[in-house]
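The values are calculated or read from the model by the stated rules, or taken from the named source; none is laboratory data. On a predicted model such as this, the values are computed, not experimentally measured, just so you know. Here the Cβ positions follow ideal geometry from the backbone for every residue, glycine too, while neighbour counts run over all protein chains shown. We work out accessible area using only protein heavy atoms, side chains counted, and drop any ligands, DNA or RNA first. Shrake-Rupley method; radii C 1.70, N 1.55, O 1.52, S 1.80 Å.
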Amino acid sequence: MVNIRPITLDDAQGFWQVLASVAAEKKYILTIEPPVFEKTLAFVQHNVDHKLAQYVALDDDKLVGWADILPLDHPTMSHIGSLGMGILAAYRGQGIGSKLLKATIDHAWASGLKRLELEVFADNVKAIALYEKHGYIREGLKPFARQVDGHYQDIVLMGQYRL
């Protein structure tokens, strides 16, 4: 059974490994290589220290996915949280993403964020359906926004808000 809980500093290595695995697929997240581990460790430390909405999915002790909604850096946009998430290929389609997303969204609203947004590749129809199930609506499209290995992907802009 997979357990969902807030990330801890002890999860940094597992998070980095899942990020690397999803990035290597070159089709679900923008990055195609993870940052160096030290940057990932600092990222997790910041999120833990500031009690930000970053959750992990664990199968026993193995980290198999994550989701985070982090406030934007600009002072006039700090009421907005941006979603990032990923799940190991072998664990997709089992409801883990939905559980991660619910926990992360609940935390984001409870922390005072007023708007949540994300960017998703238009060809990732399963992710779009998941986001819509959790209250996100389509707000726009960025045609030919990403190019990897000669293949272009459109990006769908999605958001939700509580004012």
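Key figures
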{"read-out": "Heavy-atom accessible area per residue - the stretch 20-121, 1.4 Å, Å²", "value": "51 Å²"}
{"read-out": "Largest-first principal axis extents of the Cα set of the stretch 1-143 (Å)", "value": "36, 33, 29"}
{"read-out": "Within-15-Å neighbourhood charge of H50 [Cβ basis; K, R +1; D, E -1]", "value": "-2"}
{"read-out": "Neighbourhood charge, 11 Å Cβ-Cβ cut-off, centred on A67 and excluding it, Lys, Arg +1 and Asp, Glu -1", "value": "+1"}
{"read-out": "Rounded if a/c under 1.5, otherwise prolate or oblate - the stretch 62-163, Cα gyration tensor axes", "value": "oblate"}
{"read-out": "Separation of alpha-carbon centers, the stretch 6-34 and the stretch 99-123, rounded to whole Å", "value": "18 Å"}
{"read-out": "Size-normalised alpha-carbon gyration radius of the stretch 120-163, reference 2.2 N^0.38 Å", "value": "1.26"}
{"read-out": "Test item: Cα-centred dipole of the stretch 1-98, Lys/Arg +1 and Asp/Glu -1 on Cβ, debye", "value": "280 debye"}
{"read-out": "Which of V120, A108, S82, positive extreme of dipole for the stretch 81-125 (C-beta unit charges)", "value": "A108"}
{"read-out": "Mean Cβ count within 10 Å, highest first, over the residues of peptides 58-71, 127-140", "value": "58-71, 127-140"}
